[in-house]
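Asker: I have a structure I would like to understand better, so I am pasting it below and will then ask my questions one at a time.
The values are calculated or read from the model by the stated rules, or taken from the named source; none is laboratory data. Owing to the predicted nature of the structure, the values given are computational and were not obtained by experimental measurement. All Cβ positions, glycine included, derive from the backbone under ideal geometry; neighbour counts span all protein chains shown.
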């Protein structure tokens, strides 16, 4: 088996070490010594957009993606919205933007080069609390989800206050989609209490069907 090659390293604002690795055609981003995402596990990242935008039930004009990652969620959202829509992606780590403009650019078919893409270089929680306009969908692919955080600072967006801010940042009937490495019944309960009609979907992690599953919350704001 080919060894992993480290292409670049970075430090997140909370001091956590990040690195980008490659082995053959596969890319891997690690955070704090843990595997955060692989280019082979695009299935669930795409499902976040497809499930969220399908649940909306109407064309989306403004979409916010929390977490750029390897660009899969952003790319899928762009493929599903119309030519006049905008899809804003919030990314806190500048190196992740740089990687998507460089070695990762072709992994998700260069979504940052799409004219409908807007980049917010900062905390998605801050963008949700002070949105430039209401969003039809907010799609969060941040960290490992509400129950498996690699960065403690991300806990706030999954809290009761974070969910209340997301509800207020959505249009009536708007959708909050949340990706997670694992299921979390307490988070489901918080979503419902915050004013969302909520379902949880178990989806295949990889397009190659390697047996792993991730979880997607689809939470629709009650009108």
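Asker: Quick check on my filter: what residues within region 97-108 are under 15 Å from residue 74 (Cβ atoms), touching a strand residue (DSSP E or B) at 6+ places or on another chain (Cβ under 9 Å) and surrounded by fewer than 23 Cβ atoms within 10 Å (Cβ to Cβ)?
Answerer: Going residue by residue through region 97-108, those that are under 15 Å from residue 74 (Cβ atoms) are 97, 99-101, 104-108.
Remaining after also requiring touching a strand residue (DSSP E or B) at 6+ places or on another chain (Cβ under 9 Å): 97, 99-100, 104, 107.
Listed by number, the residues that qualify are 97, 107.
Asker: Sticking with this one: May I ask you to list the residues in region 146-165 that are within 14 Å of residue 125 (Cα to Cα), part of a loop (DSSP other than H, G, I, E, B) and at pLDDT below 85? Step through it out loud before you land on a result.
Answerer: The initial filter retains those residues of region 146-165 that are within 14 Å of residue 125 (Cα to Cα), namely 146, 151-165.
Next cut, part of a loop (DSSP other than H, G, I, E, B) only: 146, 151, 159.
Hit for region 146-165 is 151, nothing else.
Asker: Failed condition for residue 177, given (1) assigned to a helix (DSSP H, G or I); (2) closer than 19 Å to residue 220 by Cβ; (3) in contact with a helix residue (DSSP H, G or I) (Cβ under 6 Å, 6 or more places away or on another chain), with all others met?
Answerer: Exception for residue 177: condition (1).
Asker: Between residues in region 22-37 that are touching a residue at least 60 places away in the same chain (Cβ under 8 Å) and on the phi > 0 side of the Ramachandran plot and residues that are in a strand (DSSP E or B) and buried (at least 19 other Cβ atoms within 10 Å of the Cβ), which pairs lie under 6 Å by C-beta distance while being six or more apart or on different chains?
Answerer: Close Cβ pairs (under 6 Å, with a partner that is in a strand (DSSP E or B) and buried (at least 19 other Cβ atoms within 10 Å of the Cβ)) do not exist here.
Asker: May I ask you to list the residues in region 99-108 that are under 11 Å from residue 68 (Cβ atoms) and in contact (Cβ under 8 Å) with a residue 24 or more places away in the chain? Steps first, answer last, please.
Answerer: Here is the first cut: in region 99-108, the ones under 11 Å from residue 68 (Cβ atoms) are 99-101, 104, 108.
Selection gives 99, 100, 104, 108.
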